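So the structure is just underneath, and the comments pick up after that.
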């Protein structure tokens, strides 16, 4: 009974790397077992959870490729409200390049770049990425009866925003502010670029989003959108010391 699904995924990635497969994306659905209250010692069955494990490496993948994939999984099961928090204590992942997706107190997914020492142990000579999605907890929050909405009568408005922030600023914090200030007219938010360059400043990065706005009751005009964008930018500057990249 295995407490984690990571070793088997790492071994499979290592096998592919050894065979010189250049771009690999894998998944596995299986159980893990947690001996939380010494159930095994008592002759009882430990906690069992279904875990979707994803592993990947290659020139066409990075942390945000994996993040987008996990977000698609959550959207497919109608889990739309969750928090993204930095994870620093999980030794399987690179410190500072790992995140937890949480609903309330439950962690429904952990994803990130594999720790260099773990890559070394499995003789993988390139960056690799892992995700563990707790399907058991995911089912708990999934909406069985999806709400279908009518085809929009009014057009969407698209705007891009790029800001420069400190390297320590989590994208989850940025997205939380955008969603908060845009309120109900924000239809979609998509992270499409993270750029690092010494010209941006020491320990700085540029983060860019594509925002889609729509009001189901009317056509939005430029004045309304500009007001919302100004509100978003002001909040990002105030809370995260962000600088608008022009």
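Suppose we filter 178, 232, 163, 174 for residues that are part of a helix (DSSP H, G or I), under 27 Å from residue 59 (Cα atoms) and in contact with a strand residue (DSSP E or B) (Cβ under 9 Å, 6 or more places away or on another chain); which single one remains? First the steps, then the outcome.
Working: 178 fails: under 27 Å from residue 59 (Cα atoms); 232 fails: under 27 Å from residue 59 (Cα atoms); 163 fails: part of a helix (DSSP H, G or I).
174 is the lone residue from the list that is part of a helix (DSSP H, G or I), under 27 Å from residue 59 (Cα atoms) and in contact with a strand residue (DSSP E or B) (Cβ under 9 Å, 6 or more places away or on another chain).
For region 104-112, check the following and say yes or no: at least one residue is modelled with pLDDT of 90 or more, surrounded by fewer than 18 Cβ atoms within 10 Å (Cβ to Cβ) and closer than 23 Å to residue 11 by Cβ.
Scanning region 104-112 turns up no residue that is modelled with pLDDT of 90 or more, surrounded by fewer than 18 Cβ atoms within 10 Å (Cβ to Cβ) and closer than 23 Å to residue 11 by Cβ.
Which condition number in (1) closer than 21 Å to residue 25 by Cβ; (2) modelled with pLDDT under 95; (3) within 12 Å of the chain's Cα centre (by Cα) is the one that residue 100 fails?
(1)
Quick one: is residue 45 modelled with pLDDT under 85 and either in a loop (DSSP other than H, G, I, E, B) or at negative phi (or both)?
On the way: modelled with pLDDT under 85: yes; either in a loop (DSSP other than H, G, I, E, B) or at negative phi (or both): yes.
Judged against the criteria, residue 45 is a match.
Just wondering, is there one or more residues in region 68-82 that are part of a helix (DSSP H, G or I) and within 22 Å of residue 14 (Cα to Cα)? Can you show your working first?
Filtering region 68-82 down to residues part of a helix (DSSP H, G or I) leaves 68-76.
Remaining after also requiring within 22 Å of residue 14 (Cα to Cα): 69.
Yes, region 68-82 contains at least one residue that is part of a helix (DSSP H, G or I) and within 22 Å of residue 14 (Cα to Cα).
If only one of 70, 108, 54, 84 is in contact with a helix residue (DSSP H, G or I) (Cβ under 6 Å, 6 or more places away or on another chain) and in contact (Cβ under 8 Å) with a residue 60 or more places away in the chain, which one is it? Please lay out each step first, then the result.
Values: 70 fails: in contact with a helix residue (DSSP H, G or I) (Cβ under 6 Å, 6 or more places away or on another chain); 108 fails: in contact (Cβ under 8 Å) with a residue 60 or more places away in the chain; 54 fails: in contact with a helix residue (DSSP H, G or I) (Cβ under 6 Å, 6 or more places away or on another chain).
Exactly one residue qualifies, and that residue is 84.
Name the single residue, out of those in region 181-208 being assigned to a strand (DSSP E or B) and in contact with a helix residue (DSSP H, G or I) (Cβ under 7 Å, 6 or more places away or on another chain), that is surrounded by the fewest Cβ atoms within 10 Å (Cβ to Cβ).
Residues of region 181-208 assigned to a strand (DSSP E or B): 186-195, 204-208.
Retained after the next criterion (residues that are in contact with a helix residue (DSSP H, G or I) (Cβ under 7 Å, 6 or more places away or on another chain)): 186, 189, 191, 194, 206-207.
On the way: 186: 17, 189: 15, 191: 16, 194: 13, 206: 17, 207: 21.
Filtering region 181-208 for residues that are assigned to a strand (DSSP E or B) and in contact with a helix residue (DSSP H, G or I) (Cβ under 7 Å, 6 or more places away or on another chain), the one surrounded by the fewest Cβ atoms within 10 Å (Cβ to Cβ) comes out as 194.
Among (1) under 30 Å from residue 108 (Cα atoms); (2) at pLDDT below 90, which single condition is residue 205 missing?
(2)
Of all the residues that make up region 19-42, how many are modelled with pLDDT of 95 or more and either in a helix (DSSP H, G or I) or more than 24 Å from residue 124 (Cα to Cα) (or both)?
Number satisfying all stated conditions: 0.
The values are calculated or read from the model by the stated rules, or taken from the named source; none is laboratory data. Remember, predicted model here, so these are calculated numbers, not experimental data. Don't worry about glycine lacking a Cβ; one is built from the backbone with ideal geometry, like all the others, and counts go over all protein chains shown.
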